[in-house]
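For reference, the structure is listed below as C-alpha cells.
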Amino acid sequence: MVLKKLFGKRDAETAPGAVPAVEKNTPKAGATAAPEVSPEESATGDASEPKAALFLEQAMVENARQDTQDSRRKVYQELLFSELLLALSEPEAGAAAEQSAENGQNMSVAILQNSAGTPFAAAFTSGAAARRWRPDGGQYVSVRGQDIFKLLEPSPAEVIVVNPGSAPFILLSKVEYRQLAMGIVPQTQQSPVQVASGAGEAQGAGDGQMQVAFPPDVFNDEQKARAKSMLSSNAKVEAAVLGAILPPNAGESGWIRTIFLRVSGLEESPEAMQSFCGAVKDSIVAGQDELFGAVPFEVGVMPDPNFWQAMHQNGIILFDKNPPPMSQPEAKEGVVDAHLEA
C-alpha cells in the first residue's frame, strides 16, 4: 500500500521528489542508514542538512537529569512539533525501477527489528545523531513528529525509537505514539527518555520497561461475553478494555492477559484498588472453571482519560457506559490529504 503526497512542505528542501510510503514487509537492519552528510557540513549548518531539533534535544537532557511529570510533558510536546529525520529503507533494484517508471517519488519507511524481534521505526533529532547509528550513510526524510506518528499508525512498528545509538534516546510504545498522532500528550508514569545507549539494533526497543498490547484473541467470544456481562453489571465499572502486559525483562513468553478498567465511586488507595480488582476477577471466573481454567488473567484499573480516548480512537474497547469526548486533530500546514491504496 502507498501513502501518496503526504509530505508536501519539506520535499524540496531535503529530499526532492522523495515521498515516504509504508511497506508491510520488514527490511533488515542494514537496509537503512544515516544521512550522507559530513560532520563538517553539520557543524557549519550546511543548507543540505535540516536543522537539528535543539528544543527536543534539550528537553530530553532535562528529563534524563530529572524525571518529573512536567519534564515528560515537555518531551512529548516537543516530539509533536519538532522536525525529525525518519529513516527510510533502501529500495531493491527491481522495486526502484518500477517506482521510477510510475512517478519516481515513492520511498519506504524502514521497519526494523531489535534483538527480541520487536519491530520498530527509527527517527533522529539531527544528522549527527543519525550518523552515530549508521555511520556508513543512507536514506532519510525530514518530517514533523506528529506526522511521523500518523504515518506509522497502520505500520507493523510496535515501537518508535528516537536517536537509537545515542544517549539519551526516546522509546515510544504503540499506545504512546498513537496518542501523539492524535495530538494527545501521554500521561505516563515512566519516562520516555532512556539514558543507556541504544546502539546497534536499538537494544532499548521493547527491553527494560513494561509493554502493553491489545491482540484481538486475548479472550474468545464466549469468554468476552462472560467478562462483558459481569463487568457491565458492576455499578462501579464504567469501561473495560481487553489487552495484555509484558513486565520488564519478562521475555516474549511472559505476556499476561489483562482487563483494564475505568471505575468510579471507589476509594483511591492501592489497597482498595487491589481488593476491588480481586473481587471483579472472582466474579468473572466463579463457576466458570471450564471457560477460564486454562486462561489466566489479571484485572487492573487504568485512570488515565487519555488512555480511554485512545482506545476509542483505535476501536479497542469492550464497553464504555460514559464514552469520553473525542478530540479532532487539527489540520497541519504543509500536509496534503492522504489515502491508502491497496
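Amide H to amide H distances under 5 Å link F319 with A240, where only residues 5 or more positions off or on other chains count and H is placed in the peptide plane.
The H on the amide N of T258, modeled in the peptide plane, is under 5 Å from the matching H of G243, A244, I245, E298, each at least 5 residues off or on a different chain. Projected label points at A244 and Q69, each 7 Å from Cα along the beta carbon direction, are separated by 3.2 nanometres.
Ranked by the mean number of other Cβ atoms within 10 Å of their residues, highest first, the peptides 299-306, 265-272 fall in the order 299-306, 265-272.
Label sites at Q187 and S232, each approximated as a point 7 angstrom past Cα along Cα to Cβ, lie 2.6 nm apart. Percent of Cα pairs in the range 212-320 per distance bin of 5 Å, from zero to the largest separation: 2, 11, 23, 25, 22, 13, 4, 0.
The numbers here are math on the coordinates, done by the rules we state, and not lab data. Since we're looking at a predicted model, the values are computed, not measured. Positions of Cβ are generated from backbone atoms using ideal geometry, with glycine treated the same way; all protein chains shown enter the neighbour counts.
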